[in-house]
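These notes are about the structure you will find just below.
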Amino acid sequence: MAGPCSSRCRGLFLPDYSELGELPPRSPLEPVCEDGPFGPVPEEKKRTSRELRELWQKAILQQILLLRMEKENQKLQASENDLLNKRLKLDYEEITPCLKEVTTVWEKMLATPGRSKIKFDMEKMHSAVGQGVPRHHRGEIWKFLAEQHHLKHQFPSKQQPKDTPYKELLKQLTSQQHAILIDLGRTFPTHPYFSAQLGAGQLSLYNILKAYSLLDQEVGYCQGLSFVAGILLLHMGEEEAFNMLKFLMFDMGLRKQYRPDMIILQIQMYQLSRLLHDYHRDLYNHLEEHEIGPSLYAAPWFLTVFASQFPLGFVARVFDMIFLQGSEVIFKVALSLLGSHKPLILQHENLETIVDFIKSTLPNLGLVQMEKTISQVFEMDISKQLQAYEVEYHVLQEELIDSSPLSDNQRMDKLEKTNSSLRKQNLDLLEQLQVANGRIQSLEATIERLLTSESKLKQATLALELERSALLQTVAQLQGQMAELSGPEPEHAPPEPVGD
């Protein structure tokens, strides 16, 4: 018969199963209620101090091991994330596939000890860039080409930014924040690295643009810069991309087209129009007939370096050439693109279809056509024409101001704008003159050092010749004395015979 404990336990812990019939017998392993609902409580064996110490040491070692494993897992995760980001970044189709031999040439140049202080042969670098740039080395090659430019131009323009560390710039606030944030979602919206809203790509891009807006107060932030920074960010780390953006803007001449007055962009559109007139007269006439100026289709090409409309593989090749040759590459690419599509453009007979073709259809050219365009760019030299057309633009502007029937206020405004532009040009020319004077002074100092060194060497040579002459005389005297001392040897008498 079950005791009161048994009935109490059944009432507290067991539901009423009377409707289910007779219950199965209790398992012999199940504890009985007399010992409590959880069975008999075992008596804890007291551990010795030695055992407790060993347990404590074991627990500490396990905790250390767990911390180490956690750190290694974090490193592994970070490494996997880096690899994933790298794969995401380089998710584009290559235009000029790199042969193994060309890749080997690049790898040898990149692995050269002390390469940042060694001037490489320009023809060799031109040839290597022309044959292709391996995608996985592209960022490092751009940095290498920037190093070579600095070695070649050891007296940079005075118009250089302050050398403020990137991390210090990130700590500051920018008035351009709103404009930058708006453009983040518009920059490469279909690319996996930039598509996630405020993901890793957009955050890094924001940091670069914010830092540059603080570094270059005159330019601040301008639409189009996000694409240039984005292309750099796809091929290198955040801070490296910022440094290369500075290089392109200040050393390669991109900065001038982003100035607030946009005068340089107007000059560039005029220069492109004149180049079309020189190289493709029929296309120029066709566009003029329909009143289509380059500003209707080419302004985004210059401001985003083709990145807003053209495939990334093509844009990467354009950047390869800009790092090698400078910003005039943009003119060459634009001229080559329009010239190679001339027959198709001439087929369209109104403004809307022509502009739509140039903006929408032309950027989707095939791989063969893209590679042909890049090859043509390497063979073009338009630097003298660009300089001549810039001067021509300013002369025409002056003539227009003098001949146009404007009110006094309008005339004053135009004159002020022209004066402002001329002042900037004068400042640029003054900077160039200062750089040239600096080079001349450096060369004169070098020549003076060489002349001083030459004079010292001549004196040393004269002293050595005098010393040599004196030594030769001494040798001659010594030889004469030796000859006198030795003289003819005396004859010896034969020995007398010994007696009997």
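The values are calculated or read from the model by the stated rules, or taken from the named source; none is laboratory data. Predicted, not measured: the structure shown is a model, and the values here were computed from it. Positions of Cβ are generated from backbone atoms using ideal geometry, with glycine treated the same way; all protein chains shown enter the neighbour counts. The area values use the complete protein model at the heavy-atom level, side chains included, leaving out ligands, DNA and RNA. Shrake-Rupley method; radii C 1.70, N 1.55, O 1.52, S 1.80 Å.
Of the residues making up segment 314-361, those that are crowded, with 19+ Cβ neighbours inside 10 Å, over 24 Å from the mean Cα position of the chain (by Cα) and closer than 30 Å to R138 by Cβ are L335, S336, L337, L338, I358. One residue stands out in segment 300-313 among those that are in a helix (DSSP H, G or I) and open to solvent by less than 20 Å² (accessible area, probe 1.4 Å): the one that is farthest from H153 (Cα to Cα), namely G313. Please work out if S486 is of a type outside the set (D, E), open to solvent by less than 90 Å² (accessible area, probe 1.4 Å) and either more than 30 Å from L265 (Cβ to Cβ) or at pLDDT 85 or above (or both). In short, yes. Annotation for segment 149-172: no member residue is buried (at least 21 other Cβ atoms within 10 Å of the Cβ) and in a loop (DSSP other than H, G, I, E, B).
Within segment 400-412, is even one residue at pLDDT 70 or above and surrounded by 13 or more Cβ atoms within 10 Å (Cβ to Cβ)? No, segment 400-412 contains no residue that is at pLDDT 70 or above and surrounded by 13 or more Cβ atoms within 10 Å (Cβ to Cβ). One residue stands out among those in segment 185-201 that are without any contact (Cβ under 8 Å) to a residue 40 or more places away in the chain and surrounded by fewer than 21 Cβ atoms within 10 Å (Cβ to Cβ): the one that is farthest from R87 (Cα to Cα), which is G185.
Taking the numbered list (1) exposed (fewer than 12 other Cβ atoms within 10 Å of the Cβ); (2) of a type in the set (V, I, T); (3) assigned to a helix (DSSP H, G or I) in turn, V129 passes all entries but (1). Determine whether L205 is buried (at least 24 other Cβ atoms within 10 Å of the Cβ) and assigned to a helix (DSSP H, G or I). So L205 fits the description; yes. Residues considered: I447, I440. Of these, the only one that is among the β-branched types (V, I, T), surrounded by 10 or more Cβ atoms within 10 Å (Cβ to Cβ) and within 30 Å of K256 (Cα to Cα) is I440.
Restricting attention to segment 258-268, does a residue exist that is touching a helix residue (DSSP H, G or I) at 6+ places or on another chain (Cβ under 6 Å), surrounded by 22 or more Cβ atoms within 10 Å (Cβ to Cβ), modelled with pLDDT of 95 or more and assigned to a helix (DSSP H, G or I)? Within segment 258-268 (the criterion being touching a helix residue (DSSP H, G or I) at 6+ places or on another chain (Cβ under 6 Å), surrounded by 22 or more Cβ atoms within 10 Å (Cβ to Cβ), modelled with pLDDT of 95 or more and assigned to a helix (DSSP H, G or I)), the answer is yes, since at least one residue qualifies.
Of the residues making up segment 216-247, those that are surrounded by 21 or more Cβ atoms within 10 Å (Cβ to Cβ), in contact with a Lys or Arg (Cβ under 8 Å, 6 or more places away or on another chain) and in a helix (DSSP H, G or I) are S226, L233, M244. For F250, the stated conditions do not hold, so it cannot be described as open to solvent by less than 10 Å² (accessible area, probe 1.4 Å), in contact (Cβ under 8 Å) with a residue 24 or more places away in the chain and closer than 22 Å to W142 by Cα.
Of all residues in segment 325-354, those that are in contact (Cβ under 8 Å) with a residue 40 or more places away in the chain and part of a helix (DSSP H, G or I) have Cβ atoms under 8 Å from Cβ atoms of residues that are surrounded by fewer than 17 Cβ atoms within 10 Å (Cβ to Cβ) and among the acidic types (D, E), 6 or more apart or on another chain, in K342/D282; L346/D282; L351/E291.
If you check H286 against the conditions, is it assigned to a helix (DSSP H, G or I), touching a residue at least 24 places away in the same chain (Cβ under 8 Å), open to solvent by 10 Å² or more (accessible area, probe 1.4 Å) and in contact with a helix residue (DSSP H, G or I) (Cβ under 6 Å, 6 or more places away or on another chain)?
The answer is yes for H286.
Of all residues in segment 91-126, those being open to solvent by 50 Å² or more (accessible area, probe 1.4 Å), aliphatic (A, V, I, L, M) and part of a loop (DSSP other than H, G, I, E, B) number 3.
Sub-9 Å Cβ pairs linking a first residue in segment 40-62 that is in a loop (DSSP other than H, G, I, E, B) to a second residue that is open to solvent by less than 100 Å² (accessible area, probe 1.4 Å) and at pLDDT 85 or above, at least 6 apart or interchain, are R47/L55, ordered by first then second residue. Taking the numbered list (1) buried (at least 17 other Cβ atoms within 10 Å of the Cβ); (2) modelled with pLDDT under 95; (3) among the aliphatic types (A, V, I, L, M) in turn, L145 passes all entries but (2).
Just wondering, is there one or more residues in segment 378-389 that are outside any helix (DSSP H, G or I), open to solvent by 80 Å² or more (accessible area, probe 1.4 Å) and at pLDDT 90 or above? Yes, segment 378-389 contains at least one residue that is outside any helix (DSSP H, G or I), open to solvent by 80 Å² or more (accessible area, probe 1.4 Å) and at pLDDT 90 or above.
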